[in-house]
Each structure stands twice: as structure tokens, then as C-alpha cells.
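Below is one structure, written out as C-alpha cells; comments come after it.
The values are calculated or read from the model by the stated rules, or taken from the named source; none is laboratory data. Small disclaimer: the values here were computed from a predicted structure and weren't measured. Note: ideal-geometry Cβ built from the backbone for every residue, glycine included; neighbour counts use all protein chains shown.
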Amino acid sequence: MNNVLEGKMGRLGIMGGTFDPIHYGHLVAAEMARVEFHLDKVLFIPTGNPPHKIGRDVSAAELRYEMVERAIQDNPAFELSALEIKRNGPSYTVDTLRVLRRTWPDYELYFITGSDALLEIFSWRDAEEVLTLIQFIGAARPGFDASDFLLKVQEDNPETQGRIHSLEVPALAISSTDIRTRVGRGEPIRYLLPEPVRLFIQQRGLYSQEELSHHD
């Protein structure tokens, strides 16, 4: 970890995503990042109108928000923000980070994401500004050595030097897409995500074959 401000500032983890639905892969990554990088807390921010999901129907923001709320309720170091859900129009990370920088001026910000998604950073709106506002923790699935990849990213983009870190996470094989597919096929999803979230999906009839057909 390269943080010249270590000891002088707090550390806030940012876990953004569609969370449709949130699952143990998200939660394990957040908790491991919190411990490994000495984060004071991790802020979960469900996307409102995600620009990268155009073409796929995403569950209503309030439903995804409630699923996250249910998933993190037993961890006092996890907090939930409706920042992007309340924003009108597309949710761009740079807009969120500007607000967080003003809200948490005494904190170093760490954005937790999949290591394979780090290449996308450079296609984000105002990517250069994003890189000045936050450090990145790239969570990788076991057996996927992200070190060479991260080294190349930093060599190709010198401004990221010391601002991208790697973290191996055991539960990253779980995916929201797979969970939605399983529900649609009537297959079990227990133990892939917190039980309060599974019950919520069941109660609301989310991702059922009928709903998936309706979305298409």
C-alpha cells in the first residue's frame, strides 16, 4: 500500500455497483478490502441509472437499495448511500466522487472493483480527474494473478502509479448475472447471497421467468 498520507487521514472504501442483486462476492470483497487496507468504513452506493447497462433492464433502484440494506445490516463498518439513486439522469462515477470528496475531505478514498474492470476506468467520463480523486483496489478471483495486468496498466498510464492495488478474493466466482439466471430457471441461490436478500427476491418475485420475459 502506497499512501503518503497514512496516519494523517481516514480511509473510506467505496463499493459501487448495480447490485442486481448484491451477493457474497460483493460483501467478501468489501470486508477483505476493509481489513487489508485499513479502511475505516465501506460505503455501498447502488447505481441509479447506470450508463453502462443500457440495453438491459435493471431492477428498480429502490428494490436494489433495499437488497443492499438487508445485506449489510449486520456489519457496523458498512454503510449505504442513496447518492446515485437520488440523482437525475445517468450515474457517472466522477460526479459521485466529486460529492464524496467534498463530503469526506479528511478521508483518502478507495474504490473497490473487479481487477478485470480496471481497464474500463480509462473510458470513464473525466477519467483523468477520477484518477486524482481516488485510489483503486482491484479484487481478483483466486488463481487469477492480477499483478502483471496491474503493472501493465500502471506502466501504460503513469498517473496511476501507486494508486492501483490488488486484492485476491475467494468468492468472486459468484455473479449477479448467474443469480438472476438461476432464479429464472428455478434453481437454488441459497448460500450465494445473504438470506434476507434471498427472501426479499422470493417475496417480490424478482428475476422470475415471468418477470424476465416481461423485461425482454
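Does residue 182 satisfy being closer than 22 Å to residue 31 by Cα and surrounded by 12 or more Cβ atoms within 10 Å (Cβ to Cβ)? No: the conditions fail for residue 182.
Taking strands (runs of 3 or more DSSP E) as the structural unit, those lying wholly within region 61-156 and holding at least 1 residues that are among the polar types (S, T, N, Q) correspond to 107-114, 135-140.
Going through region 48-78 one residue at a time, which ones are charged (D, E, K, R) and at pLDDT 70 or above? Scanning region 48-78 gives 57, 62, 64, 66, 69, 70, 74. Taking the conditions exactly as written (at pLDDT below 95, under 30 Å from residue 209 (Cα atoms), of a type outside the set (Gly, Ala, Ser) and buried (at least 16 other Cβ atoms within 10 Å of the Cβ)), does residue 150 satisfy them or not? No; evaluated as a whole, the condition is false for this residue. For region 97-130, a residue qualifies if it is hydrophobic (A, V, I, L, M, F, W, C) and either more than 20 Å from residue 83 (Cβ to Cβ) or modelled with pLDDT under 85 (or both), and the qualifying residues are 117, 118, 119, 121, 122, 124, 127. Within region 154-170, identify whether any single residue is under 25 Å from residue 28 (Cβ atoms), out of contact with any strand residue (DSSP E or B) (no Cβ under 6 Å at 6 or more places or on another chain), at pLDDT below 80 and loosely packed, with under 14 Cβ neighbours inside 10 Å, and answer yes or no. Among the residues of region 154-170, not one is under 25 Å from residue 28 (Cβ atoms), out of contact with any strand residue (DSSP E or B) (no Cβ under 6 Å at 6 or more places or on another chain), at pLDDT below 80 and loosely packed, with under 14 Cβ neighbours inside 10 Å, which makes the answer no.
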